[in-house]
Amino acid sequence: MTAPATQAVRRRVTVRGTVQGVGFRPFVHRLATDLALAGFVSNTASGVLIEVEGPPQGIADFCDRLAQEPPPLATVTGVGFEDLPVSGADDTFGIRSTDRSPGRTLLPPDTATCPDCLRELADPADRRHRHPFVTCTHCGPRFTIATDMPYDRAVTTMAGFPMCADCGREYGD
């Protein structure tokens, strides 16, 4: 017997592949927010962990789009699903701190600066004008700056460079 369309469901989704250091968590956050789903996303030692709750059709759409629309540098090699009891979560979706349990995941290679970052670099009106570390989730170094896994800014060589208030807000958003 299937649940009525108005009844919420909760699903744990594990994603494996090159899914860290590529903007995957912000992508998941935008996708869940667009679909008005609750839950969270977190990096783990073996990939990305997502728990999502909401209407059955929203969860189905989320799971379909997750593998079909990943960020440009992401490579999804596996997606696992596990249905969970509904928690009655509110309608917010968050990015949680990285789980530092032992495991192994893939890290993308360094990539050339993308056209958007080059545009910012060359624009005197942009706050990133001539910034030596201009990069985004779609370009830049990953492999050469990582000092540990799972991937987070705190375990890269960039950790020693404090972000300005504007960059800190962008990073945290």
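Numbers at a glance
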{"quantity": "Any pair with Cβ under 6 angstrom, 6 or more apart, that starts in the range 1-22 at a residue that is within 16 Å of Thr137 (Cα to Cα) and at pLDDT 90 or above and ends at one that is among the small types (Gly, Ala, Ser) and not in a loop (DSSP other than H, G, I, E, B)", "calculated": "Val19/Gly47"}
{"quantity": "The range 23-46 - residue that is closer than 21 Å to Thr105 by Cβ, among the hydrophobic types (A, V, I, L, M, F, W, C) and touching a Lys or Arg at 6+ places or on another chain (Cβ under 9 Å) and, of those, modelled with the lowest pLDDT", "calculated": "Ala45"}
{"quantity": "Of the criteria (1) without any contact (Cβ under 8 Å) to a residue 12 or more places away in the chain; (2) surrounded by 15 or more Cβ atoms within 10 Å (Cβ to Cβ), which one Arg142 fails", "calculated": "(1)"}
{"quantity": "Selection count where residues are acidic (Asp, Glu) and either under 22 Å from Ser87 (Cβ atoms) or at pLDDT 95 or above (or both), scope the range 52-70", "calculated": "2"}
{"quantity": "Filter result (in contact with a strand residue (DSSP E or B) (Cβ under 6 Å, 6 or more places away or on another chain) and either hydroxyl-bearing (Ser, Thr, Tyr) or at pLDDT 90 or above (or both)) within the range 94-113", "calculated": "Thr98, Thr105, Thr111, Thr113"}
{"quantity": "Contacts under 8 angstrom Cβ, first residue in the range 26-52 being among the acidic types (Asp, Glu), partner surrounded by fewer than 23 Cβ atoms within 10 Å (Cβ to Cβ), 6 or more apart", "calculated": "Glu51/Arg10; Glu51/Arg11; Glu51/Arg12; Glu51/Val13; Glu51/Phe40; Glu51/Leu84"}
{"quantity": "Segments classed as strands (runs of 3 or more DSSP E), wholly inside the range 1-95, with at least 3 members that are of a type outside the set (A, V, I, L, M)", "calculated": "9-18, 38-44, 47-54, 75-84"}
{"quantity": "Filter result (of a type in the set (Asp, Glu) and over 24 Å from Cys139 (Cβ atoms)) within the range 38-92", "calculated": "Glu51, Glu53, Asp61, Asp64, Glu82, Asp83, Asp90, Asp91"}
{"quantity": "Which numbered condition Arg142 fails, given (1) under 21 Å from the mean Cα position of the chain (by Cα); (2) part of a loop (DSSP other than H, G, I, E, B); (3) charged (D, E, K, R); (4) more than 20 Å from Met158 (Cα to Cα)", "calculated": "(4)"}
{"quantity": "Selection within the range 116-139 - out of contact with any helix residue (DSSP H, G or I) (no Cβ under 8 Å at 6 or more places or on another chain), touching a residue at least 12 places away in the same chain (Cβ under 8 Å) and either part of a loop (DSSP other than H, G, I, E, B) or farther than 25 Å from Thr75 by Cα (or both)", "calculated": "Glu120, Leu121"}
{"quantity": "Criterion: outside the structural domain of Pro141 (by TED's automatic domain parsing) and at pLDDT below 85 - qualifying residue of Asp83, Asp91", "calculated": "Asp91"}
{"quantity": "The range 145-173 - residue that is free of Cβ contacts under 8 Å to residues at least 60 places away in the same chain, of a type outside the set (D, E, K, R) and assigned to a loop (DSSP other than H, G, I, E, B) and, of those, surrounded by the most Cβ atoms within 10 Å (Cβ to Cβ)", "calculated": "Ile145"}
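The values are calculated or read from the model by the stated rules, or taken from the named source; none is laboratory data. Worth saying up front: this structure is predicted, and the values here are computed from it rather than measured. Because the Cβ atoms are built from the backbone with ideal geometry, glycine has one as well, and the counts that use them run over all protein chains shown.
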